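Notes follow once the structure below has been shown.
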Amino acid sequence: MVQSVDMNVLQYAVSKDYQVLLLTSSVPPETLLDNGIGYVGVSKTAVTDEYIQSCIAYGIKVILFTVNHRYERDIFLAKGGSGFFTDEPFYLSEAVDQLSKDPFNNQVFYHGMVKSLTNRGDFTGGNRWGYIYY
């Protein structure tokens with residue numbers, strides 16, 4: 001999938017049969033379809049329910065950004081959202097448990113601090129999370 005904020009940039013990808021996503025909350029769904037765009041990426045804070053519903057009515061998949069909380073995910077799924085941009089994929093997908101207390105007291109990883117192939121920080125003295133530079 002190719003994404004852009006510029007519909008003209010997406011035309012080459014459309015001509016090569018790639019799936020494309022336009023980041024917008026105002027281009028009419030008819031215009032999206034006329035330009036071969038099947039996905040729209042919308043900001044959760046800038047989009048209206050009317051825009052979401054109009055896109056869905058035209059068969060356009062609505063992807064919301066940036067959704068980092070399960071309650072937001074549930075709200076947008078109920079509205080017909082098809083997917084999300086997130087900084088918290090493990091948490092949002094429920095691959096990790098929801099926390100009910102401050103994780104720094106126990107020095108456990110908080111959502112977004114899951115160990116990965118890249119260094120995302122470490123616990124330092126005083127129950128602090130961050131980077132140690134040598």
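Read-outs: derived from the displayed coordinates by stated rules, not from any lab. Because the structure is predicted, anything quoted here is derived from the model rather than measured. For neighbour counting, all protein chains shown are included, and Cβ atoms are generated from backbone atoms with ideal geometry for every residue, glycine included.
Each Lys or Arg adds one and each Asp or Glu takes one away; over the other residues whose Cβ falls under 14 Å from the Cβ of TYR58, this sums to -2. Its residue count N fixes a reference of 2.2 N^0.38 Å for region 2-97, and the Cα radius of gyration divided by that reference is 1.09. Calculated FRET efficiency, ARG70 to GLN11, Cβ-Cβ distance, R0 = 25 Å: about 0.10 to the nearest 0.05.
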